[in-house]
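The values are calculated or read from the model by the stated rules, or taken from the named source; none is laboratory data. As the structure is a prediction and not an experimental result, all values here were calculated from the model. Cβ placement follows ideal geometry from the backbone for every residue including glycine, while neighbour counts extend to all protein chains displayed.
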Amino acid sequence: MAKPNQANADTRYISFHMDHAASLPYVLAKTPFAGKTYMTHPTKAIYKHLMQDSVRVQNTHTSTSASSGGTDGGIVSYIHQLFSESDILSTLPQIQTISFNTTHTHNGIRFTPLPAGHVLGACMYLIEIAGLNILFTGDYSRETDRHLIPASVPQGVKIDLLITESTFGISTHVPRMERETALMKSISKSLSNPLVDENDVLSGY
């Protein structure tokens, strides 16, 4: 299979931050790509901080591996060299933010970002090209959430082609209420542990 030529691409649609945009600083700073890059306002705000943090973690890991003579030092160093924090900051102006449910046109292609119901800022793209309706999406959820509306397609729109994330496509998830109950029990148990310091921080994804 031929290696994609970045110079031939004129548009990039980012569905959400981090794992679906992790190579973006490299593409924008180190390749011939000179097209447009689109993402929602929340995605860009979160993307900036997550990618900066990712580089800092890689720097720390590289330094630790090098000082300890770790066998993975070469691999980590290679990953670190893909892009720097300055690459992230210098390419931010190249990213154009768009709002949910607004339609835009680029070289005759119409596209509309729709809520994906996955994480803050995550979207699906309804792309209209040559009479076809293409729905492109990363992770999405049809469940009602406390802080996100579920993914949906506008009424009356016929989708001709669906391009979707399928990592967990055949998985059966535990119902949300059961997961939340188990989480709260785990948190309560941890907080009641006399060895837990009052300044400990709980974080999750």
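Restricting the stretch 32-60 to residues that are more than 27 Å from Leu126 (Cβ to Cβ) and either among the small types (Gly, Ala, Ser) or part of a loop (DSSP other than H, G, I, E, B) (or both), the residue that is modelled with the lowest pLDDT is Ser54.
Looking across the stretch 140-185, the residues that are of a type in the set (Gly, Ala, Ser), under 30 Å from Glu128 (Cβ atoms) and out of contact with any Lys or Arg (no Cβ under 9 Å at 6 or more places or on another chain) come down to Ser141, Gly156, Ser166, Gly169.
Filtering Leu126, Leu183, Leu148 for residues that are at pLDDT below 95, within 22 Å of His20 (Cα to Cα) and surrounded by 11 or more Cβ atoms within 10 Å (Cβ to Cβ) leaves a single hit, Leu148.
Search the stretch 129-142 for residues being surrounded by fewer than 12 Cβ atoms within 10 Å (Cβ to Cβ) and touching a residue at least 24 places away in the same chain (Cβ under 8 Å), and hand back the single one that is farthest from Ser15 (Cα to Cα). Can you show your working first?
Within the stretch 129-142, the subset surrounded by fewer than 12 Cβ atoms within 10 Å (Cβ to Cβ) is 130-132, 142.
Subset that is touching a residue at least 24 places away in the same chain (Cβ under 8 Å): 132, 142.
Numbers: Leu132: 20, Arg142: 16 Å.
It comes out as Leu132.
The residues of the stretch 95-128 that are in contact with a Phe, Trp or Tyr (Cβ under 7 Å, 6 or more places away or on another chain), touching a residue at least 40 places away in the same chain (Cβ under 8 Å) and under 17 Å from Ile46 (Cβ atoms), listed by number, are Gln96, Ile98, Pro113, Ala116, His118, Val119, Gly121, Ala122, Cys123.
Quick check on my filter: what residues within the stretch 64-78 are surrounded by 14 or more Cβ atoms within 10 Å (Cβ to Cβ) and either in a helix (DSSP H, G or I) or at pLDDT 85 or above (or both)? If you could, list the steps in order and put the result at the bottom.
Initially, the stretch 64-78 is screened for residues surrounded by 14 or more Cβ atoms within 10 Å (Cβ to Cβ), giving 65, 70, 73, 76-77.
Listed by number, the residues that qualify are Ser65, Gly73, Val76, Ser77.
Residues of the stretch 101-128 that are more than 19 Å from Asp10 (Cα to Cα) and either in a loop (DSSP other than H, G, I, E, B) or small (Gly, Ala, Ser) (or both): Asn101, Thr102, Ala116, Gly117, His118, Val119, Leu120, Gly121, Ala122. Sort out which residues of the stretch 151-180 are surrounded by 11 or more Cβ atoms within 10 Å (Cβ to Cβ) and at pLDDT below 85, and write them in order of number. Scanning the stretch 151-180 gives Val153, Glu165, Arg176.
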